[in-house]
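Data first, discussion second: the structure below is written as structure tokens.
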Amino acid sequence: MSRGRSLELFFVDGTPDGILTAEIFGWTGHVLKAPRTRIAEALRRRQAQFTGIYLLIGEQEGQPALYVGEGEDVAARIRSHDVKKDWWQDVIILTTGADSLHKAHVRYLEARLVDLARRAGRVRLDNGNTPGGASLSEAAQANMEEFIETLGIVLPAIGVDLLQSGTRPDVGPSVELTEQVERFRLTTPRHGIDALAELRGAEFVVLKGAKVRGEWAGKGNWDFGYAAIATDLCARGVIDTSRTPPEFTDNYAFNSPSAAASVVNGRPANGRQEWKHHQTGQSFADWEEARLGVMESEEPS
């Protein structure tokens, strides 16, 4: 069973859109995030002058864009070279609190993060060449992989999910025996839509093979970005539009039932009403209300 982790965020300016730092108890890593408008102040901070990795995040031609770099003095590296790039809006600097990373560490991390971003396919990489990485001992590689695994918790928590593809593995029989996984179904016969999804923790995962509309038919400005998600999934092949009807080629995690329902239907949709529990037929909203009622009745008086 996964253990809980404690993430400490410090808003340096006292505002959510300024400079912030992020650390996890027991983890040596240190994350510094800053908007470009505060880059001078950010680069004066002590950790910015350590050996580490940096991510430049912004947009190019309407697409999310990312540059991954490394340096033995990250601040100097950004000042001397990447400040010339005009497309980025935010920088994230990844170091350790005690400056314990060395050149081989950060070259390895740079190569791995570039590879993860390419595999995720959600961002336009501004790195012209694939970093060569570095030769590390087996123990050092294990340490760096643990560092990256923890980054997978920290970065999404501060609004950066460009390294995650959204695809999820199947839930095996051994997991089903120990964790309750609830399934829901959404059908719209006139459009050939027939989709299954699983509620896994905080994620609503549409399952591979789900038959969907495959095009965005919604109109107006009330799509909450769901049109862009649908278009991106089709472009990346997560939704195969060459099939009739189009279908998901992999399990894909959404952050809400409505996001999943909107992409499946190709229009804005109230997923809390349209997804039905595969056993009881209840809407997601009714199932959730019934579950809350059971939990309240089990509370000690």
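What follows is calculated from the coordinates using simple rules that are stated; it is not laboratory data. No experiment lies behind these values; they were computed from the predicted model shown. Backbone-built Cβ (ideal geometry, glycine too); neighbour counts: all protein chains shown.
For every helix of n ≥ 4 consecutive DSSP H residues, a contribution of -39,500 (n - 2.57) applies; sum these over the chain, divide by its total residues, and give [θ] at 222 nm rounded to the nearest 500 deg cm²/dmol. Walk me through the intermediate numbers first.
Details: 9 runs with 95 residues, N = 301.
The helix-only estimate for the chain comes to -9500 deg cm²/dmol at 222 nm.
Please compute the length gained on full extension between L125 and V83, using 0.36 nm multiplied by the number of residues separating them and subtracting their Cα-Cα distance. Show your work: numbers first, answer last.
Values: separation 42, 0.36 × 42 = 15.12 nm, distance 1.66 nm.
13.5 nm is the gain from fully extending L125 to V83.
Give me a comma-separated list of calculated 3J(HN,Hα) values for segment 4-13, in order, Karplus coefficients 6.51, -1.76, 1.60 applied at θ = phi - 60°, integers in Hz, x for any Gly or Pro.
x, 10, 10, 9, 9, 9, 10, 8, 4, 8
Please list, ordered by chain and number, the residues whose modelled amide H lies under 5 Å from the amide H of I239; skip anything fewer than 5 residues away on the same chain.
The list, which skips near neighbours in sequence, is C234, T249.
As an exercise, use a Förster radius of 45 Å and the Cβ-Cβ distance of A217 and S137 to find the FRET efficiency, rounded to the nearest 0.05.
Values: r = 55 Å, r/R0 = 1.22.
The calculated FRET efficiency here is 0.25.
Once you place label points 7 Å from the Cα toward the Cβ at S6 and S242, how far apart are they in nm?
Placing both labels 7 Å beyond Cα along the Cβ direction yields 5.2 nm.
Once amide H atoms are built 1.01 Å from N in the peptide plane, which residues 5 or more positions from H30, or in another chain, come under 5 Å H to H?
T95, T96, G97
Run through segment 1-48 and list the trypsin sites (Lys or Arg not before Pro) located in a DSSP loop whose Cβ has at most 14 other Cβ atoms within 10 Å.
Working: sites: R3, R5, K33, R36, R38, R44, R45, R46; in loops: R3, R5, R44, R45.
Answer in residue order: R3, R5, R44.
Quote the convex hull volume per residue of segment 173-298, based on C-alpha atoms, as a whole number of Å³. Before the final figure, lay out each step's value.
Numbers: hull volume 14.6 nm³, N = 126.
Expressed per residue, the convex hull around the Cα atoms of segment 173-298 is 116 Å³.
So if I place +1 on the C-beta of Lys and Arg and -1 on the C-beta of Asp and Glu, and nothing else carries charge, what would the dipole magnitude of the chain be about its Cα centre? I want it in debye, nearest 20. Could the numbers behind the result be given before it?
Values: 34 positive and 42 negative charges, 170 e Å.
Computed charge dipole of the chain: roughly 820 debye.
Under 13 Å from the 7 Å Cα→Cβ point of D13, by amide nitrogen: which residues of segment 80-97?
So the set is 90-91.
With an 8 Å cut-off on Cα pairs and a minimum separation of 6 or more residues, tell me the relative contact order of segment 173-298 in percent.
Details: 230 pairs, mean separation 30.6, N = 126.
Result for segment 173-298 is 24 percent.
Full extension from R44 to A235: what is 0.36 nm times the residue separation minus their Cα-Cα distance, to one decimal in nm? If you can, show how the numbers build up before the last one.
Details: separation 191, 0.36 × 191 = 68.76 nm, distance 4.07 nm.
Taking 0.36 nm per residue and subtracting the Cα distance, the gain is 64.7 nm.
Work out, step by step, the length gained on full extension between I153 and H278: first 0.36 nm times the residue separation, then minus their alpha carbon distance; give nm to one decimal.
Working: separation 125, 0.36 × 125 = 45.00 nm, distance 3.11 nm.
Extra length from I153 to H278 when fully extended: 41.9 nm.
Which of the GluC sites (Glu not before Pro) across segment 38-97 are loop residues per DSSP, with 13 or fewer other Cβ within 10 Å?
On the way: sites: E41, E59, E61, E70, E72; in loops: E61, E72.
Listed in order of number, the matching sites are E61.
When the expected Rg is taken as 2.2 N^0.38 Å, what fraction or multiple of it is the alpha-carbon Rg of the chain? Let's see the in-between values first.
On the way: Rg = 21.8 Å, N = 301, 2.2 N^0.38 = 19.2 Å.
Rounded to two decimals, the normalised Rg is 1.13.
Could you estimate the translational diffusion coefficient of segment 7-157 from the Stokes-Einstein equation, with Rh from the Kirkwood formula over C-alpha pairs, at 20 °C and 1.002 mPa s, in whole µm²/s?
Details: Rh = 15.6 Å.
Translational diffusion coefficient: 138 µm²/s.
Around E8, under 14 Å between beta carbons, what's the net of Lys plus Arg minus Asp minus Glu among the other residues?
Details: positive: R5, K33; negative: E23.
With Lys, Arg at +1 and Asp, Glu at -1, the net is +1.
Kyte-Doolittle cut-off 0.0, length cut-off 18 Å along the helix's own axis using Cα: show which whole DSSP H helices in the chain pass. Walk me through the numbers on the way to the answer.
Working: long enough: 103-120 (26 Å, -0.36); 138-157 (29 Å, 0.45); 284-298 (21 Å, -0.52).
The answer, listed by residue number, is 138-157.
In Å and on Cα atoms, what radius of gyration and Dmax does segment 70-131 show?
Cα radius of gyration and Dmax of segment 70-131 are 12.5, 33 Å respectively.
Kindly state, to the nearest 0.05, the FRET efficiency for N255 paired with A290, given R0 = 25 Å and r defined as their beta-carbon distance. Before the final figure, lay out the partial values.
Values: r = 23 Å, r/R0 = 0.91.
Step by step, r from the Cβ atoms, then E = 0.65.
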